[in-house]
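Q: Dropping the structure in here first, questions after.
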Amino acid sequence: MTPEEQKTEDELRQEIVTEYDFDETNDEESINKILDLKKDRYSATNQKKEAQKISDDRGKRKEELKGFLKEAGLDPNTGKKLETEEKKEAPKEPNEQEATLSDRDASYLFGQGYKRTELRYLEKIMKITGKDMDNALQDSSFTTWQKDNDKLITRRGSQLKASRGGGERTKSEQSETTAKMAEDLPEGFEYKPKK
């Protein structure tokens, strides 16, 4: 704090009287107004300084927090884990021979009644688990997917509307229909079929 901020009210009053050449008894109102203005100015500067100090403290705490995050292996800006070169592992390359079905195996499975979507999913299971075809067919993830897929297909099929009959009508059926239509016409109208 500056020396002016540490001054008491009496000292400030005396300073105002000497600075502005006031008579203490006659100009009491003016002295009080100037005193209030000086107090407001000093309190405003004090508030600014306190706000700056708080801001500086926040900045220091923020920097400390960033340091702690770096030590913990986290990105200071996002808070996500940093990948270090030591921890990075090379992705495993799937064995292509085990991960795909041969044409012979695919045709065998088609003969057993498997569909193309089931074969694609079976290949995915083989890639993920690293199992061969026989073990992947018995894997729980494949069998549960297969059951769910079958339920879905039957549910979709049951949503189809019922058939309303089909086939083309014969000439005699068509002529019967046109005759009924001609009978239903009001008087004065006649039915003229297209040729």
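Q: Just how large is the dipole of the stretch 96-157 about the Cα centre, in debye to the nearest 20, putting +1 at every Lys and Arg Cβ and -1 at every Asp and Glu Cβ? Can you show the working numbers first?
A: Details: 11 positive and 11 negative charges, 95 e Å.
For this selection, approximately 460 debye.
Q: If you don't mind, another one. If amide H atoms are built 1.01 Å from N in the plane of the peptide, which residues on other chains or at least 5 residues away come under 5 Å of the amide H of Leu74?
A: Leu82
Q: Compute the Cα gyration tensor for the stretch 96-157, then decide on rounded, prolate or oblate, letting a ≥ b ≥ c be the square roots of its eigenvalues: rounded whenever a/c is under 1.5, prolate when a/b is larger than b/c in the other cases, and oblate in all that remain. Walk me through the intermediate numbers first.
A: Numbers: a/c = 2.41, a/b = 1.48, b/c = 1.62.
Oblate.
Q: Expressed in nm to one decimal, what extension gain is obtained for the pair Ser172 and Ser30 from 0.36 nm per residue of sequence separation less their Cα-Cα distance?
A: On the way: separation 142, 0.36 × 142 = 51.12 nm, distance 11.86 nm.
The Ser172-Ser30 span can extend by a further 39.3 nm.
Q: For a protection proxy built on the mean count of beta-carbon atoms within 10 angstrom, sort 135-142, 176-183 highest first, please. Don't jump to the answer; show the numbers that get you there.
A: Working: 135-142: 15.0, 176-183: 10.9.
The packing order, highest mean first, is 135-142, 176-183.
Q: Please list 3J(HN,Hα) in residue order for the stretch 120-133, calculated via the Karplus relation 6.51 cos²θ - 1.76 cosθ + 1.60 where θ = phi - 60°; whole Hz, with x for glycine and proline.
A: Per residue, the Karplus-derived 3J(HN,Hα) values read 5, 5, 4, 4, 4, 4, 5, 5, 5, 8, x, 8, 7, 4 Hz.
Throughout, read-outs are computed from the coordinates displayed, never taken from laboratory work. Fair warning: this is a prediction, and the values are worked out from it, not measured in the lab. Positions of Cβ are backbone-derived with ideal geometry, glycine not excepted, and every protein chain shown enters the neighbour counts.
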